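Engineer: Quick one: the structure is below, questions incoming.
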Amino acid sequence: MSEELEYEDLPEQIAIRLEKRERLNKLNDAYPVALPITHTIDAVRAAHPDLEADVSTGEIVGIAGRVMFQRNTGKLCFATLQAGSGERIQAMLSLDKVGEEQLELFKELVDLGDHLFVDGEVITSKRGELSILVNSWKMAAKTIRPLPNLHNELGEEFRVRHRYLDLIVRDRAREVVKIRAQVMASMRKTFTEDRFLEIETPMLQTIHGGASARPFKTHSNAFDTELYLRIAPELFLKRAVVGGIDRVYEINRNFRNEGADRTHSPEFAMLEAYEAYGDYNSIADLTQKLIQNAAMDVFGTHQVVLEDGTINDLGGEWPRISMFESISKACGQEITPETPIAELKKLAKSVDIDIEHPQHGKYVEELWEHFVKGDLLTPTFVIDFPVDTSPLVRNHRTKAGVVEKWDLYIRGYEQATGYSELVDPVIQRERFVEQVTLAAAGDPEAMKLDEDFLKALEFGMPPSGGMGMGIDRLLMSLTGLGIRETIMFPLVK
């Protein structure tokens, strides 16, 4: 639905509503600062769940809500008021209760979308609908623009550009906001139970690091220096572990100056956590627990029903498969850390993968995505990545050429990444130098050498497991929605 089609008669409607605003201001106030509210719509409904039809309770309440339906007849008018939660209640205005003047003003001045205050008795109508038999009413906030036609479905583009309207008219939009809040609360509860501390690290950084990605650049006038919006909080969280905060996490925003599609957003919410004296196995266990606890806390089950009606089964013990072994099985030939790049290039070309890169691991990962990724519908940890594409990860304790890293895939999408963290400052410096070489060769995603972080490592970081998980991606896994629907206000052109 286009904005133009939705509001083709908008100038006339706005003019009429502006006239009503003027009349309300002369009579009293179109936007009062306070109202004598005594109850919420939710509270009234909760207090009277099972009333029979045509019952008068004798309880007088003052409530407010947005007018979502309106029917004006001669001596009796009806308005359906909606709370922010989506709960609704009917207001009934009768001539004998409010008087002729107030009833006529209601008919003339109240429109769909207005915020309305009413006070009166809680009753049920003859049809059994919970209602307020109004004694008096007052405008709480006059709307100047009309709501979208509630009988037409709003398209995704309209919804993300006008999320405030989406939240007003669509129950599912409000439900997703609640699900997200409940998921966050569940994860924080799990972290607290496991003795993790939540901290905040800088959004503005002098050196971007912690991931391979293109940063957004800005400038500080106060310090007269170039700054970057962070691509990850990793290097600062590790500094906290060096300082003795053995179990630490952060849930906050990251920014990457890259593409946007159904699974990527330039601004996104990320969880990162680090556990001293853990490794990529223990942090995988934690990640599984976080997601399974969230599903159980929010939905009461690990079998989550998605938007299209399919079931996402998050239960049980999630399998862990080797990247090299799974790609070898899928493509029909053995791929190892020793497989020559020339052979990988030949295989990539045979399946129309266009890549030219100095790193052996880039070919392995591209081939793995082609042959294996799409088949991972149930939650699966893909473990043991190439060493040259993982500059912050510890070498595998028994396997040459790979590191102790996993990616978690759910429904074919990467959900999280976990490491046995590289804590040897000498090797970390070598890895950073390799990244600097890549940057000099033109790789825009290569990391910079961070001397302050290396200095911190030289004071001793204990063996640790670490992980990062996209919150927006997690909501996709729990709802089946695209990333723009899981972010309340996504960036749009």
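Engineer: Mind checking which residues of the stretch 409-424 are hydroxyl-bearing (Ser, Thr, Tyr), in contact with a helix residue (DSSP H, G or I) (Cβ under 9 Å, 6 or more places away or on another chain) and either open to solvent by 20 Å² or more (accessible area, probe 1.4 Å) or outside any strand (DSSP E or B) (or both)?
Structural biologist: Correct list: Tyr413, Tyr419.
Conditions (1) small (Gly, Ala, Ser); (2) within 18 Å of Arg66 (Cα to Cα), marked per residue:
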position	(1), (2)
Glu101	no, no
Glu108	no, yes
Leu112	no, yes
Gly120	yes, yes
Lys126	no, no
Leu133	no, yes
Leu150	no, yes
Glu156	no, no
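Engineer: Let me ask something else about it. So how many residues does the stretch 168-206 have that are out of contact with any Gly (no Cβ under 9 Å at 6 or more places or on another chain), among the charged types (D, E, K, R) and over 20 Å from Glu272 (Cα atoms)?
Structural biologist: 3
Engineer: Take the residues in the stretch 307-331 that are without any contact (Cβ under 8 Å) to a residue 24 or more places away in the chain and either touching a Phe, Trp or Tyr at 6+ places or on another chain (Cβ under 9 Å) or assigned to a helix (DSSP H, G or I) (or both); name whichever of them is surrounded by the most Cβ atoms within 10 Å (Cβ to Cβ).
Structural biologist: Here the answer is Ser328.
Engineer: Of the conditions (1) touching a Pro at 6+ places or on another chain (Cβ under 6 Å); (2) at pLDDT 95 or above; (3) polar (S, T, N, Q), Gln13 fails just one. Which one is it?
Structural biologist: Just one mismatch for Gln13, condition (2).
Engineer: If you don't mind, there's one more thing I want to ask. Scan the stretch 203-247 for residues that are in contact with a Pro (Cβ under 6 Å, 6 or more places away or on another chain), touching a residue at least 40 places away in the same chain (Cβ under 8 Å) and open to solvent by less than 60 Å² (accessible area, probe 1.4 Å) and report the count.
Structural biologist: 1
Engineer: Can you say whether Asn257 is surrounded by fewer than 18 Cβ atoms within 10 Å (Cβ to Cβ), in contact with an Asp or Glu (Cβ under 7 Å, 6 or more places away or on another chain) and closer than 25 Å to Ser390 by Cβ, as far as the supplied structure shows?
Structural biologist: No.
Engineer: Output the qualifying pairs, or none if there are none: Cβ atoms under 8 angstrom, residues six or more apart or on different chains, first residue in the stretch 23-37 and closer than 15 Å to Gln102 by Cα and assigned to a helix (DSSP H, G or I), second residue among the polar types (S, T, N, Q) and open to solvent by 50 Å² or more (accessible area, probe 1.4 Å).
Structural biologist: Listed pairs, sorted by first residue: none to list.
The values are calculated or read from the model by the stated rules, or taken from the named source; none is laboratory data. What you see is a predicted model; the values in this text were computed from it and never measured. Note: ideal-geometry Cβ built from the backbone for every residue, glycine included; neighbour counts use all protein chains shown. Each accessible area value is taken on the protein alone, full model and side chains, heavy atoms only, with ligands, DNA and RNA left out. Shrake-Rupley method; radii C 1.70, N 1.55, O 1.52, S 1.80 Å.
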